[in-house]
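Below you'll find the structure, written out as structure tokens, and then a few comments.
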Amino acid sequence: MSIRAEIISIGDELTSGQRLDTNSQWLSIRLADLGVSTVFHTTVGDTLADNIDVFRTAARRAAIVISTGGLGPTADDLTREAMAEAFDCPLEFRQAAMDHIASLFAKRKRPMPERNRVQAMFPKSSLEIPNPHGTAPGIDLNVNNTCRIFALPGVPAEMMQMWEQTVLKRLTGEMNVGAERWFYRTLKVFGIGESDVEAKLPDLIHRDRIPRVGITVSKATISLRIACLAKNEHEAIEASRETEKIIHDTLGELVFGEGEEELDDVVHRWLVEHKQSLSLIEIGGDSLIASWLAKHSQPANPHPFTDAKAIDEAHTNPEARIGLVESRWYPSWTSSLDEIETMRQLVEQVRLESNTDWCLAIGPYPQHDAVENMKSMPTCQFVIGLASRCGDTRNERFELGGHPELIFHRIAKAGLDYFRRHAHLA
């Protein structure tokens, strides 16, 4: 079972939103690397009573507590007083800490204000966490042998150095943290909604399940993240194998990739691996696929997304067609025929003109202004067409809805997913 941790961020500038809390994110990542689960992020302002309450609550529900902020010399820096009162550990003066603080002022050729003496005050029985380049030493307090609290300054550079030089060593050396750590495997899904995925995999989402599976959604792509606590990567792979099989067996071709892969990565890789070329047509609105595929251009394959000159070369040099994508954009439908018939003619004609293995067309995308002005969630109708060198042409009408900021991503990804499914079956 993973060790539970809580991170406390202290300061009115954080609770007011005037400053972004990046310390909590950084610390959570480091704790996860040690197999520690950060179960709470708490942000509290500069009020003594609130700080006392926050520390007491954290110590009851987490084995490791790390706070940042509130260790300066001014009246609103209350961390040391809050810890002392919360756990009945009166503050005491530490001469060694005072000597270090005084030496920093001397090196900087500045007189030390009397107020800085408060930074040499520590809760009784606590340990100092040295701060090599700052006047705010940290505090390491063991609470009833059930919780270890590490209070660090809010200055990120000082906090990070103190973590690396002291806190990390105490966690791994004295508390044996890190014997196991978290390993993650992510499977990517497209084609159904988040609630539909959970309905198909109800037993995998339980919080007490091992390994744990989490669902997140980003721009119409669903990520299923399998989290395993293990001693090494091999052990984690073995522990997640059965869960991965269940996901693949249940969702089938809805699973399109893993890790950081998106649909454009999968499509481009397939084109290269199978030495195939693609003509792409997008009609109307703010089209997206062309820009996604353009990022895959690289020196070793200079024309994966190209212009007319490269197309001409592809006519005479088959190797130049590998991974090639020719993109065309049409502002609107220009035919008097129905959309399905127009799409059929368009994909067949462009594939022949470009001499590519495939032609994928999608549209019409909605006009961005029209989508933004809709009072409810917009629903858009569009057609996807696909023609192959072997003479197979497919055309289907689709209707998708979604938030105005996501509808364009859903349409574009529907086009890529259509190609992925039918190209693999061709």
Taking the range 175-190 and keeping residues open to solvent by 40 Å² or more (accessible area, probe 1.4 Å) and either without any contact (Cβ under 8 Å) to a residue 12 or more places away in the chain or assigned to a loop (DSSP other than H, G, I, E, B) (or both) leaves M175, N176, A179, E180
Can you work out which of the residues in the range 142-164 that are in a helix (DSSP H, G or I) and within 21 Å of A102 (Cβ to Cβ) is least open to solvent (accessible area, probe 1.4 Å)?
M162
Would you point out which residue out of I139, I101 is part of a strand (DSSP E or B), buried (at least 16 other Cβ atoms within 10 Å of the Cβ) and of a type outside the set (S, T, Y)?
I139
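Scan the range 205-230 residue by residue and report those that are over 21 Å from the mean Cα position of the chain (by Cα) and surrounded by 15 or more Cβ atoms within 10 Å (Cβ to Cβ).
Here is the first cut: in the range 205-230, the ones over 21 Å from the mean Cα position of the chain (by Cα) are 206, 208-210, 230.
Once the filter is applied, which keeps residues that are over 21 Å from the mean Cα position of the chain (by Cα) and surrounded by 15 or more Cβ atoms within 10 Å (Cβ to Cβ), the range 205-230 yields only A230.
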Among (1) open to solvent by less than 60 Å² (accessible area, probe 1.4 Å); (2) more than 26 Å from the chain's Cα centre (by Cα); (3) small (G, A, S), where does G193 come up short?
(2)
Taking A320, is it modelled with pLDDT under 50, open to solvent by 20 Å² or more (accessible area, probe 1.4 Å) and aliphatic (A, V, I, L, M)?
no
Within the set of pairs 6+ apart or on separate chains, which have a first residue in the range 340-369 that is touching a residue at least 12 places away in the same chain (Cβ under 8 Å) and closer than 17 Å to Q276 by Cβ, a second that is surrounded by fewer than 19 Cβ atoms within 10 Å (Cβ to Cβ) and charged (D, E, K, R), and C-beta atoms under 7 Å apart?
V350/R328; D357/R389
Any idea which residue in the range 330-339 is surrounded by the fewest Cβ atoms within 10 Å (Cβ to Cβ), counting only those that are among the small types (G, A, S) and without any contact (Cβ under 8 Å) to a residue 40 or more places away in the chain?
S336
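The values are calculated or read from the model by the stated rules, or taken from the named source; none is laboratory data. This is a predicted model, so every value here is computed, not measured. FYI the Cβ positions are ideal-geometry reconstructions off the backbone, even for glycines, and counts take in every protein chain you see. For the accessible areas, the whole protein counts, side chains as well, though only heavy atoms, and no ligand, DNA or RNA atoms are used. Shrake-Rupley method; radii C 1.70, N 1.55, O 1.52, S 1.80 Å.
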